[in-house]
Amino acid sequence: MRRTVEDMFSFHCPHCNVDRLASTRDIISMHRNADGRLAYVRCPNGHTVVRQFHRPAPRYPAPVAPAAPTTTTPVVAACA
Ligand SMILES: [Zn+2]
């Protein structure tokens with residue numbers, strides 16, 4: 001299988017204190033939880049790091065129905 005840039009991702013290894021570029025080949029395992037997808041990724045120095053890939057979209061409050069139209073007569077300015 002041909003690898004592309006889309007197969008690459010970055011992660012931060014707290015043990016090396018370095019941002020690293022990895023490919024899907026460096027993924028040990030992937031999981032899904034309430035925060036989205038995460039993977040255990042192996043650093044080139046052998047450290048195992050958890051990388052969060054996807055966070056769910058923020059939840060916005062439900063829309064509120066527009067207010068009912070007013071029944072009062074609008075004030076119209078008289079023209080001279
Ligand atoms: Zn490392």
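Each reported figure results from applying straightforward, stated rules to the coordinates on display, with no laboratory input. Note that the coordinates shown come from a computational prediction; the quantities given were computed from them, not determined experimentally. As a convention, Cβ positions derive from the backbone with ideal geometry for all residues, glycine included, and neighbour counts pool all protein chains shown.
Arrange the following residues from fewest to most other Cβ atoms within 10 Å of their Cβ: Arg51, Arg42, Arg25. All intermediate terms of the calculation are to be shown ahead of the outcome.
On the way: Arg51 18, Arg42 15, Arg25 8.
Ordered from fewest to most neighbouring Cβ atoms within 10 Å, Arg51, Arg42, Arg25 come out as Arg25, Arg42, Arg51.
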Problem set entry | Ala62 versus Asp19: modelled label distance in nm, points set 7 Å from Cα along the beta carbon direction | 4.1 nm
Exercise. Counting Lys +1, Arg +1, Asp -1, Glu -1, what net charge surrounds Val41 among other residues with beta carbon under 14 Å of its beta carbon?
Worked result: +2
Seminar exercise, completed: Between the modelled labels at Phe53 and Ile27 (7 Å from Cα along Cα→Cβ) the distance in nm is 0.3 nm
For this session: State the answer as a single residue: which of Ser29, Gln52, Cys13 lies farthest towards the positive end of the charge dipole of segment 7-52, with beta carbon charges of +1 for Lys and Arg and -1 for Asp and Glu, about the Cα centre.
Result: Ser29
Problem set entry | Calculated from backbone phi, Karplus (6.51, -1.76, 1.60) coupling profile of segment 41-52 in Hz, x at Gly/Pro | 10, 9, 5, x, 8, x, 7, 9, 10, 8, 10, 7
